[in-house]
There are 4 protein chains.
Amino acid sequence: MEHNHQTVHHRTTMSKEQLTNRLKRIEGQVRGVQKMVEEDRYCVDILTQISAINAAMKKVSLQLLEDHTKHCVADAIKEGEGDASIEELMSVFERFTKA
Amino acid sequence: MEHNHQTVHHRTTMSKEQLTNRLKRIEGQVRGVQKMVEEDRYCVDILTQISAINAAMKKVSLQLLEDHTKHCVADAIKEGEGDASIEELMSVFERFTKA
Amino acid sequence: MEHNHQTVHHRTTMSKEQLTNRLKRIEGQVRGVQKMVEEDRYCVDILTQISAINAAMKKVSLQLLEDHTKHCVADAIKEGEGDASIEELMSVFERFTKA
Amino acid sequence: MEHNHQTVHHRTTMSKEQLTNRLKRIEGQVRGVQKMVEEDRYCVDILTQISAINAAMKKVSLQLLEDHTKHCVADAIKEGEGDASIEELMSVFERFTKA
């Protein structure tokens, strides 16, 4: 199911705003970790910050995944083309339990 | 083992540069995902980018962890205070298998 | 969506056999790890065996999850009750990225 | 650091008993999941049981890892051969964040 450069239209303005705000906060946190490295901060303190970034990134992923399943996957199922879309969903799921 | 605001001195300039470069690339990738959301890109394409960020962040964590174990934990062991430092290491490890 | 003690009817004999065979192999691997502990085997060798068990268990989970999504979730979507079933799927997904 | 068939002598009887009991419980849980499959139990109920097995297996891994670090890795560090042992520890850690 090649989708490169395809766009979707199901994201509400509110949902996009929420995603973008979360990503902006994560961007700031990554800069914060850079600063901690430059300031020779204790390793475990830096690693604690990175766990917080990982947790925040996971929330973004879950929001995207739920949105995707409720719209793209659900539409494919209603149109009788669910299997390919579900297999794509499973490969995303598998990748997220690896990273 | 409270270490807030404590600094370490074992990171070489090269190691710090490597960490900072990796973090700068991750920062750029996070901005890239913001752009994909604004451009209504296909959900799975965005999620693929996020897995790449997670993998890159994990490399940073592994580098920090190895550095920490070879210096802070090893020094504590040599000074006969290994247990507390090892238990701290285990709690970092547990957190990273959760995030 | 309370489902305790509810049964499903979508699993084919072949799919059930595959699941049961995989689980029997995992059961044998767990007994193998017990033996390694009793024989005082090197820690990393035991941990390597446990990673193999985790990977095998993940395959079982992915098979169940794909089966579930293609049947229970897809049916709920077709009957217009997709949201609750998708939210349940997301909570399973979140739990699996935690364990 | 090839260690196949090497044995260790640092595990106390109590620690071995704790590991073996945990593994026996996990073995029983795996048999329980087999039964759920045979009884056509609801997929999410089975997946919930599998998450419990994953969590129990993780406890066994953490116990082994802490034991290993406090003895094998600590001894290698005291004998001036810490780096190879720490790199082995990091590869275990990396594998556990993948499974």
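The values are calculated or read from the model by the stated rules, or taken from the named source; none is laboratory data. Predicted model, so just to flag it, every value in this text is computed and none were measured. Neighbour counts run over all protein chains shown; Cβ positions are idealised from the backbone, glycine included. For the accessible areas, the whole protein counts, side chains as well, though only heavy atoms, and no ligand, DNA or RNA atoms are used. Shrake-Rupley method; radii C 1.70, N 1.55, O 1.52, S 1.80 Å.
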Yes/no for D:ALA84 being modelled with pLDDT of 95 or more, among the aliphatic types (A, V, I, L, M), surrounded by fewer than 21 Cβ atoms within 10 Å (Cβ to Cβ) and over 17 Å from B:THR69 (Cα atoms): no
Among D:CYS72, D:CYS43, the single one that is buried (at least 18 other Cβ atoms within 10 Å of the Cβ) and in contact with a His (Cβ under 6 Å, 6 or more places away or on another chain) is D:CYS43
Take region B:23-54 and flag every residue that is of a type in the set (Lys, Arg) and farther than 18 Å from A:LYS24 by Cα. none
Residues to consider are C:VAL33, C:VAL92; find the one that is over 29 Å from A:GLN63 (Cα atoms), in contact (Cβ under 8 Å) with a residue 12 or more places away in the chain and open to solvent by less than 40 Å² (accessible area, probe 1.4 Å). C:VAL33
Taking first residues from region B:5-21 that are exposed (fewer than 13 other Cβ atoms within 10 Å of the Cβ) and second residues anywhere that are of a type in the set (Asp, Glu), the pairs with Cβ under 7 Å that are 6 or more apart or on different chains are B:THR7/A:GLU39; B:THR7/A:ASP40; B:HIS9/A:ASP40
For C:GLN49, all conditions in the list (1) at the interface with another protein chain (Cβ under 7 Å from one of its Cβ atoms); (2) open to solvent by 10 Å² or more (accessible area, probe 1.4 Å); (3) free of Cβ contacts under 8 Å to residues at least 24 places away in the same chain hold save one; what is the number of the exception? (1)
If you scan region D:70-99, which residues turn out to be within 19 Å of B:SER85 (Cα to Cα) and within 11 Å of chain C (Cβ to nearest Cβ)? D:LYS70, D:HIS71, D:CYS72, D:VAL73, D:SER85, D:GLU88, D:LEU89, D:VAL92, D:PHE93
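Per-residue answers, yes or no, for (1) touching a helix residue (DSSP H, G or I) at 6+ places or on another chain (Cβ under 9 Å); (2) modelled with pLDDT under 95:
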site: C:GLN34; (1), (2): yes, no
site: C:GLU39; (1), (2): no, no
site: C:SER51; (1), (2): yes, no
site: C:ASN54; (1), (2): yes, no
site: C:VAL73; (1), (2): yes, no
site: C:PHE93; (1), (2): yes, yes
I'd like the residue in region D:54-69 that is within 21 Å of C:ARG95 (Cα to Cα) and within 8 Å of chain C (Cβ to nearest Cβ) and, out of all such residues, is surrounded by the fewest Cβ atoms within 10 Å (Cβ to Cβ). D:ALA55
Members of region A:1-53 found to be under 19 Å from the mean Cα position of the chain (by Cα), hydrophobic (A, V, I, L, M, F, W, C) and within 30 Å of B:GLU94 (Cβ to Cβ), listed by number: A:LEU19, A:LEU23, A:ILE26, A:VAL30, A:ILE50, A:ALA52, A:ILE53
